[in-house]
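A short worksheet on the structure shown next.
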């Protein structure tokens, strides 16, 4: 009995360890994460944000290949904090139980997540903590569509080299960002000559690196525009509504059916990324044509 009582009030990490199977999984955790939220069933709680303390442990699927220090091969800690912030932003709820259920569902939507322990405590209802803790598994949790669709479909913008230097560029991108959603900027090969070699696989990497060099040139136009390369970074930036610049090498090379045969074709890469991200639109310079059959709307613009 004493052991049961101890586990009832133990941190979720200790409970996860105590209830692990004979084939234990890896775990990642979030401890003592403090946020404020308007929550509660009583009228006196409405309009009065309360402090909530989150402690979460996620058991993850074992890796079937070396990590290679690659952030795209793990479940990011941001997935946990984003599950909390996204759910609090989605709707006001009365019950901690409801909030815990929805946060657990968002976390279990990650392909690596297998089981999650969620503890939420109210800190402002008295000289004590009031809380709830739940345990949910992927197999037992029905999938619910939880994402804010509008927020997760970015604008993808392909810029010509002339547009990179255009005085009106920053104002145009700022206006697009203010219209809603994140903005992903893409560029092509620079105007200067790119080394040419006789080996196709090597040439593709040279072309991709040349495009990335051009991406850093674009980044010099605004210190708030971040150059990103991994899918994890891209997804995080989209959720935050940032303006980002895509460095294509990693995603193109890591994707089994990636557009390697178009490594030097900036517009084609931008179209591929827009389709991968389910962009709300691909914005292209006027007069630049793409192959037919795009799965995202294409809009043209001038600077």
Notebook entry, point to check: Any idea how far apart residue 197 and residue 178 come out in nm if each label point goes 7 Å out from Cα toward Cβ?
Noted result: 4.7 nm
Margin query: As a footprinting exposure proxy, order 235, 124, 191 by other Cβ within 10 Å, with the fewest listed first.
Written below: 191, 124, 235
Notebook entry, point to check: Measuring from the lowest to the highest alpha carbon on each principal axis, how far does the stretch 155-301 reach, largest first, in angstroms?
Noted result: 45, 31, 29
Next item on the list: Taking 7 Å along the Cα-to-C-beta vector as the label spot, tell me the residue 253-residue 240 distance in nanometres, rounded to one decimal.
Entry: 2.5 nm
Check: Among 226, 114, which comes first, then next, by fewest other beta-carbon atoms within 10 Å?
Finding: 226, 114
Check: How far, in nm, would the chain grow between residue 209 and residue 278 when pulled straight, counting 0.36 nm per residue and subtracting the alpha carbon separation?
Finding: 22.3 nm
Next item on the list: Rank these for me by crowding, 153, 283, 48, going from fewest to most other beta carbons within 10 Å.
Entry: 48, 153, 283
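Values in this text are rule-based calculations from the coordinates and carry no lab data. Here the structure is a predicted model, which is why all the values come from computation and not from measurement. We place every Cβ from the backbone using ideal geometry, glycine too, and count neighbours over all the protein chains shown.
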